[in-house]
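The values are calculated or read from the model by the stated rules, or taken from the named source; none is laboratory data. Not measured: the values here are computed from a predicted model. Don't worry about glycine lacking a Cβ; one is built from the backbone with ideal geometry, like all the others, and counts go over all protein chains shown. Just the protein is used for accessible areas: all its heavy atoms, side chains included, with ligands, DNA and RNA removed. Shrake-Rupley method; radii C 1.70, N 1.55, O 1.52, S 1.80 Å.
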Amino acid sequence: MEIIRHRAFARAGLMGNPSDGYHGKTISLVLKSFAAKITLYEWDQVEIVMSENDHSKFRTVDDLVLDVRLHGYYGGLRLIKATIKRFVEYCRNYQIPLHDRTFSIRYETTIPRQVGMAGSSAIIVATLRCLMEFYGVTIPLYLQPSLVLSVEEGELGITAGLQDRVIQVYEGMVFMDFSEAKMRTENQLTYGEYQPMTIDSQDPPPLYMAFKADASEPTEIVHNNLRVRWQEGDPKVHQAMRGFAELAEEARTAIEKKDWRELAILVDRNFDLRRSICRIAGKQVEMVEMARQAGASAKFAGSGGAIIGTYPDEKTYQNLKETLEKIECRVMKVDWGGF
């Protein structure tokens with residue numbers, strides 16, 4: 001029996017987010033410490049197997065309420081089901097032949113839920129990879145993020161941008177340009193310009209990640225408000241999105257020059273700009289402020305309860321770790337292995 005396995009890593013938005021959905025520019029990287037894994041093999045019918053992450057039993061109703069508050073109405077089954085549907089429709093629409101064999105598919109994930117590490121899109125990306133291998137279908141790399149986004153927006157009504165899907169498809173660290181001048185459309189899928197960045201494994205950016213489960217917040221809570229304000233022409237939001245794009249450009253230069261001090265300044269500026277246009281939960285602000293007090297730079301890694309930043313030396317990192325662990329944050333260095 002042929003067993004197909006694929007995975008997609010968690011991701012962190014290093015610079016420019018959340019401008020990817022607003023004609024901005026961003027830099028993101030994958031986090032190899034966490035991944036969603038999909039297993040697919042031929043079966044006598046199409047079967048989607050429930051994972052231990054799909055909670056359907058709770059000790060009390062209060063436990064159910066707490067789970068929904070922290071994680072929303074999420075689960076991998078609907079993500080896989082929607083991906084299969086969209087993949088089949090895409091292939092039918094563009095006369096890509098599919099054989100008639102059926103399969104069983106299941107998933108597991110170690111990506112913390114609803115803390116801004118793109119756990120949902122990771123499941124979709126890994127599922128798409130399995131489907132392409134099972135059916136012998138090739139979809140251009142630059143179109144795959146847009147297809148993944150169409151699953152979330154078109155099938156599931158999740159408000160999101162291309163950034164997470166791009167970095168999970170391309171991996172490594174990528175500079176992304178979503179400006180109107182760079183956007184293209186192919187097979188009814190719109191995509192930007194994506195430039196993988198080279199990282200020196202001997203002298204990589206000194207980045208850390210930290211997250212806290214009870215500081216989580218579903219991404220649509222943030223983006224729905226921004227989307228409305230953008231569509232209404234709010235000048236403050238439009239100016240901020242241009243500012244995020246400029247920060248991403250400056251950060252790319254700083255990384256190329258290995259100017260980590262400048263990168264730290266830009267990281268802090270990204271958060272301050274975001275704070276000027278978004279309502280931010282108190283626990284999330286606390287994480288950033290405590291990280292800064294410990295001597296590190298800090299900004300959101302996404303829209304939830306995770307932050308990313310730089311540290312100038314090992315002593316500062318240890319101080320950062322001890323400081324954030326006092327408020328029950330998990331802290332770790334970014335794993336550059338395989339970049």
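Once Lys and Arg get +1 and Asp and Glu get -1 on their Cβ, which of ILE80, THR39, VAL61 lies farthest toward the positive end of the dipole of the chain?
VAL61
Mind checking the dipole of segment 229-339: about its Cα centre, +1 per Lys or Arg Cβ, -1 per Asp or Glu Cβ, Debye to the nearest 20?
180 debye
If you add up the charges near GLU246, with Lys and Arg at +1 and Asp and Glu at -1, over every other residue whose beta carbon is less than 12 angstrom from its beta carbon, what do you get?
It works out to a net charge of +2.
Once every Cα of the chain carries one equal point scatterer and solvent is ignored, give the base-10 log of I(q)/I(0) from the Debye formula at q = 0.13 Å⁻¹, two decimals.
Cα-only, vacuum Debye calculation for the chain: -0.99.
From the Cα gyration tensor of segment 106-200, with a ≥ b ≥ c the square roots of its eigenvalues, which class applies: rounded if a/c is under 1.5, or else prolate if a/b is larger than b/c, or else oblate? Can you show the working numbers first?
Working: a/c = 1.32, a/b = 1.18, b/c = 1.13.
Note, shape of segment 106-200 comes out rounded.
Leaving out ligands, DNA and RNA, what percent of the accessible area of the chain is carbon and sulfur, probe 1.4 Å?
That share works out to 47 percent.
Among VAL49, VAL137, HIS23, which residue has its Cα furthest toward the positive end of the charge dipole of the chain, with +1 on Lys/Arg Cβ and -1 on Asp/Glu Cβ?
HIS23
Probe of 1.4 angstrom, ligands and nucleic acids ignored: what's the accessible area per residue over the chain, in square angstrom?
Details: 15390 Å² over 339 residues.
Accessible area per residue, the chain: 45 Å².
Counting just the Cα atoms, what span does segment 1-116 cover along each of its three principal axes? Round to the nearest Å and put the largest first.
45, 41, 26
How big is the dipole moment of segment 74-128 about its Cα centre under a simple scheme where the beta carbon of each Lys and Arg is +1, that of each Asp and Glu is -1, and everything else is neutral? Debye, nearest 20, please.
120 debye
Using DSSP to define loop residues, name the trypsin sites (Lys or Arg not before Pro) in segment 140-185 whose beta-carbon has at most 14 other beta-carbon atoms within 10 Å. Don't skip to the answer; put the middle values down first.
Working: sites: ARG165, LYS182, ARG184; in loops: LYS182.
Answer in residue order: LYS182.
Summing +1 for each Lys or Arg and -1 for each Asp or Glu, what net charge is found among the other residues whose Cβ lies under 10 Å from the Cβ of THR102? Please list the in-between numbers first.
Numbers: positive: ARG101; negative: GLU42, ASP44, GLU47, ASP100.
So the environment of THR102 carries a net charge of -3.
Looking at the chain, which longest stretch skips every one of the GluC sites (Glu not before Pro) that is in a DSSP loop with at most 13 other Cβ atoms within 10 Å, leaving the sites themselves out?
It works out to 53-179.
Where in segment 217-311 are there trypsin sites (Lys or Arg not before Pro) that are in a DSSP coil and have at most 13 other Cβ atoms within 10 angstrom of their Cβ?
On the way: sites: ARG227, ARG229, LYS236, ARG242, ARG252, LYS257, LYS258, ARG261, ARG269, ARG274, ARG275, ARG279, LYS283, ARG292, LYS299; in loops: LYS258, ARG279.
Passing sites in segment 217-311 are LYS258, ARG279.
Binning at 5 angstrom from zero up to the longest distance, how are the C-alpha pair distances of segment 55-213 distributed in percent?
It works out to 1, 7, 15, 18, 18, 15, 11, 7, 4, 2, 0, in whole percents.
Summing Lys, Arg as +1 and Asp, Glu as -1, what charge do residues with Cβ under 12 Å from the Cβ of GLN195 carry, GLN195 excluded?
For residues surrounding GLN195, the net value is -1.
Sequence-distant or interchain residues sharing an amide H contact under 5 Å with ASP335, placed H: which?
Placed amide hydrogens put LYS32, SER33 under 5 Å from ASP335.
Going by the alpha-carbon gyration tensor, a ≥ b ≥ c the square roots of its eigenvalues, is segment 212-329 rounded (a/c under 1.5) or, if a/c is not under 1.5, prolate (a/b greater than b/c) versus oblate?
oblate
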